1. Go through the range 196-210 and report how many residues are assigned to a loop (DSSP other than H, G, I, E, B), closer than 21 Å to Leu164 by Cβ and either among the small types (Gly, Ala, Ser) or open to solvent by 70 Å² or more (accessible area, probe 1.4 Å) (or both).
2. Would you point out which residue out of Phe99, Phe78, Phe62, Phe25 is farther than 23 Å from Gly185 by Cβ and either aromatic (Phe, Trp, Tyr) or open to solvent by 80 Å² or more (accessible area, probe 1.4 Å) (or both)?
3. Within the range 112-126, does at least one residue satisfy the condition of being out of contact with any helix residue (DSSP H, G or I) (no Cβ under 7 Å at 6 or more places or on another chain) and either open to solvent by 30 Å² or more (accessible area, probe 1.4 Å) or of a type in the set (A, V, I, L, M) (or both)?
4. Being buried (at least 18 other Cβ atoms within 10 Å of the Cβ) and more than 23 Å from Phe25 (Cβ to Cβ) is the filter here, so list the residues in the range 81-96 that pass it.
5. Could you tell me whether the range 72-90 includes any residue that is touching a Gly at 6+ places or on another chain (Cβ under 9 Å), within 18 Å of Thr115 (Cβ to Cβ) and acidic (Asp, Glu)?
6. So which residues in the range 1-22 are surrounded by 15 or more Cβ atoms within 10 Å (Cβ to Cβ), part of a loop (DSSP other than H, G, I, E, B) and either touching a residue at least 24 places away in the same chain (Cβ under 8 Å) or aromatic (Phe, Trp, Tyr) (or both)?
7. Being in contact with a helix residue (DSSP H, G or I) (Cβ under 8 Å, 6 or more places away or on another chain), surrounded by fewer than 24 Cβ atoms within 10 Å (Cβ to Cβ) and not in a helix (DSSP H, G or I), is that true of even one residue in the range 145-156?
8. Go through (1) within 19 Å of Phe78 (Cα to Cα); (2) free of Cβ contacts under 8 Å to residues at least 60 places away in the same chain; (3) part of a loop (DSSP other than H, G, I, E, B) and name the single condition His108 misses.
Amino acid sequence: MENIIQKVHQELIRHSSPNVKQGTFRYFKESIKPYGVKATDTIKISKELYKEIKHLEKIEIFQLCEELFKSGYLEASFIACQWSYNVHKKYMPADFEIFEQWIKKYVHNWATCDTLCNHTVGTFLEMYPEFISRLKTFTQSENRWVKRASAVSLIIPAKKGMFLNDIFEIANMLLLDKDDMVQKGYGWMLKVASLAHQQDIFEFIIQRKHIMPRTALRYAIEKMPEELKKKAMSK
C-alpha cells in the first residue's frame with residue numbers, strides 16, 4: 001500500500017509545473033500546498049493508478065485515501081476524493097463517520113471541501129438520506145469548512161430536484177453566517193436547487209432578501225431570469 005502512495009506522489013511531481021503551481025495560489029486566500037499539476041493531469045493520474053488498487057477492499061482504499069489526505073498536498077487530496085467516490089456502490093451507513101472525520105481533519109480549502117462533498121458525501125446522502133439530519137449538525141460547527149460542507153454536500157442531489165425542504169432548512173441555519181465561504185456555499189446550493197424549483201427558491205429568497213448577505217443572494221439568483229434577479233436585488 002505504501003508503494004501506491006509513493007507512485008501517486010512521484011507522478012504528481014513528474015507532471016508538476018512551476019507556472020501551474022504559482023497560478024494555483026491565485027485561487028485561494030488560505031494557505032495551500034500544491035505540486036502544481038493541471039486538473040486534467042491529476043484526473044489521468046487518478047484513473048491510471050486506481051487500476052492498480054481497484055481489487056482492494058473498500059476499507060483498504062479508504063486507508064489509502066486517508067494517507068493522501070494526510071500528505072497535505074492539494075492534488076493528492078483530489079485523488080483521494082476521486083478514489084473514495086469510485087467505491088460508492090459499496091457505501092454503507094457506517095462510512096459517514098469516515099467522511100465526517102475527513103472533513104473535520106483534512107479539509108482546509110474550498111476546493112477539497114467541494115470535491116469531497118459534492119461527489120462522495122452527496123452520493124452517500126442520496127443512498128442514505130436519513131443521514132441528512134447529521135449533515136445539519138455541521139451548520140453549528142466553528143469550522144468554516146464543516147459549515148460549508150453542510151451546504152455543498154447537497155449540490156448534486158439538488159441538481160436532481162431532491163431534498164428541497166432540507167435545503168431550505170440548511171440555508172436558514174447558515175443564513176446570517178458572516179463567513180464568505182459559507183455564504184457562497186449555501187448560495188450555490190440554492191442556485192442549483194433553483195434549476196428544478198425556481199419559484200420555491202425565489203420565494204425563499206424574497207422573504208429573506210433584506211437580511212441575506214449580498215454574497216449569498218447573488219450566488220442564489222445567478223441562474224434565474226433577469227426579471228427575477230432584479231426583484232431579488234431591489235432594496
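The values are calculated or read from the model by the stated rules, or taken from the named source; none is laboratory data. Values in this document were obtained by computation on a predicted structure and should not be read as measured data. For neighbour counting, all protein chains shown are included, and Cβ atoms are generated from backbone atoms with ideal geometry for every residue, glycine included. Just so you know, the surface numbers come from the protein's heavy atoms only, side chains and all, with ligands and any DNA or RNA stripped out. Shrake-Rupley method; radii C 1.70, N 1.55, O 1.52, S 1.80 Å.
1. 1
2. Every option except Phe62 fails the conditions.
3. no
4. Trp83, Ser84, Tyr85, Asn86, Val87, Tyr91, Asp95, Phe96
5. Looking through the range 72-90, at least one residue is touching a Gly at 6+ places or on another chain (Cβ under 9 Å), within 18 Å of Thr115 (Cβ to Cβ) and acidic (Asp, Glu).
6. Passing the criteria: only His15.
7. no
8. Only one criterion in (1) within 19 Å of Phe78 (Cα to Cα); (2) free of Cβ contacts under 8 Å to residues at least 60 places away in the same chain; (3) part of a loop (DSSP other than H, G, I, E, B) is unmet by His108, namely (2).
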